[in-house]
Amino acid sequence: MIDTHAHLTSPAFISDLPIVLTRARTTGISSIICVSETLSDAHAVLNLTAAHPGFLHPALGLHPEHVTTLAPAQLSAALSGITSLLQTTPAVAIGEVGLDYTPRVLSLAASAADAKRLQADAFAHFLSMSQQLALPLSVHSRAAGHHALAHVVEAARRAPVAVCMHAFDGRAVHAERALRSVPEGLYFSVPPSVVRDDQLRKLVRRVPTERLLLESDAPALAPSRGERNEPANLVRAAEIIAEVKGVDVAAVRQTLAENTERLFTKVTPTFIT
Ligand SMILES: [Zn+2]
């Protein structure tokens, strides 16, 4: 299994990251894509992943909440900082980036309209970087599922896209519609919180297995609410996908691994000894 989206530089893992990584390997996880939220987090992710070559892989991006709060000069410095890191480091993906239309995040800018415009501009920038550099995108779309998908569909009209919609909380019908418009390169990753989330189960039911991936979003989205999540919990998400699809869990894990390798082409999994 490959964890396509984890925040391992989070303070939640300061005291026991080595144990968390050992547990991940023991449950059959061969690779973890470590996403970043800010320019300084991108540097932290690069340092962490360099210490675990072949197992941890860096994804560099600016979270939409961060995009919404930065002053204009800081935002353009952060955007150009991430852009130059993407061109000069072994990043395997751009992320996490996207849109966040939750009222709390929209209230962080001068107005909701300003927040949406800032996020849209940054997201459009990262979509076109993704196409130019042939690096897949890990997309956050909280309370903005169909808006984020509209950007992806539009980008796909210009050039091929390589996109993972992470922890998609939009309606399954929007996902299905986008998949019809973007017949290649669009995937949805399923976190362990699928065990307690009917909306996510519905998404799993409606999206073909060939378009699903696994993610932890650790330390968020644990199987039990309020608990710290970790990559080892991927096994729970794989079980639910198998149950919803009515197929064998080993077959599901195999298909999801193949999907991940198709999208994240720079991730070469290590073999577990
Ligand atoms: Zn995340």
Legend entry - Rg/Rh ratio calculated on Cα atoms of the range 2-263 (Kirkwood radius): 0.94
Legend entry - Neighbourhood net charge (12 Å Cβ-Cβ; Lys/Arg +1, Asp/Glu -1) for Ala122: -2
Inset, instruction - Could you check the simple spin-label distance between Ala124 and Asn47, using points 7 Å along Cα→Cβ, in nm with one decimal? - result: 3.6 nm
Inset, instruction - State the antiparallel share, in %, of DSSP beta bridges confined to the chain, rounding to the nearest 5. - result: 0 percent
Legend entry - Under 27 Å from Lys116, Cα to Cα: lysines that are on another chain or at least 8 residues apart: none
Inset, instruction - Hey, can you find the accessible area per residue of the range 186-259 for me, probe 1.4 Å, expressed in square angstrom? - result: 40 Å²
Legend entry - Cβ charges +1 (Lys, Arg) and -1 (Asp, Glu), total dipole of the range 2-263, debye: 540 debye
Legend entry - Extension gain, Thr102 back to Lys202 (0.36 nm per residue minus Cα-Cα distance, nm): 33.8 nm
Legend entry - Dipole of the chain [Lys/Arg +1, Asp/Glu -1 at C-beta], most positive-end residue of His43, Val267, Ala120: Ala120
Inset, instruction - For the chain, give the percent of accessible area contributed by carbon and sulfur heavy atoms, probe 1.4 Å, rounded to a whole number. - result: 54 percent
Inset, instruction - Identify all aspartates and glutamates with a Cα-Cα distance to Lys202 below 18 Å; exclude those on the same chain that are fewer than 8 residues away in sequence. - result: Asp169, Glu176, Glu210, Glu215, Glu239, Glu243
Inset, instruction - Sum -39500 (n - 2.57) across every DSSP H segment of at least 4 residues in the chain, then divide by the residue count to get the 222 nm mean residue ellipticity, nearest 500. - result: -15000 deg cm²/dmol
Inset, instruction - Filter the trypsin sites (Lys or Arg not before Pro) in the range 180-273 to those in DSSP coil with at most 11 other Cβ atoms within 10 Å of their Cβ, and list the result. - result: Arg225
Legend entry - Whole-Hz ³J(HN,Hα) from phi, Karplus 6.51 cos²θ - 1.76 cosθ + 1.60, for the range 165-179, glycine and proline x: 7, 8, 6, 4, 10, x, 6, 4, 5, 5, 4, 4, 5, 5, 5
Inset, instruction - Using per-residue counts of other Cβ atoms within 10 Å, averaged over each peptide, order 187-193, 101-107 from highest down. - result: 187-193, 101-107
Inset, instruction - Might you tell me the accessible area per residue for the range 36-130, computed with a 1.4 Å probe and given in Å²? - result: 38 Å²
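The values are calculated or read from the model by the stated rules, or taken from the named source; none is laboratory data. These numbers come from a predicted model, not from an experiment. Neighbour counts are summed over all protein chains in view; Cβ atoms, including those assigned to glycine, are modelled from backbone coordinates with ideal geometry. Remember, those area values only see protein heavy atoms, side chains included, never the ligands or the DNA or RNA. Shrake-Rupley method; radii C 1.70, N 1.55, O 1.52, S 1.80 Å.
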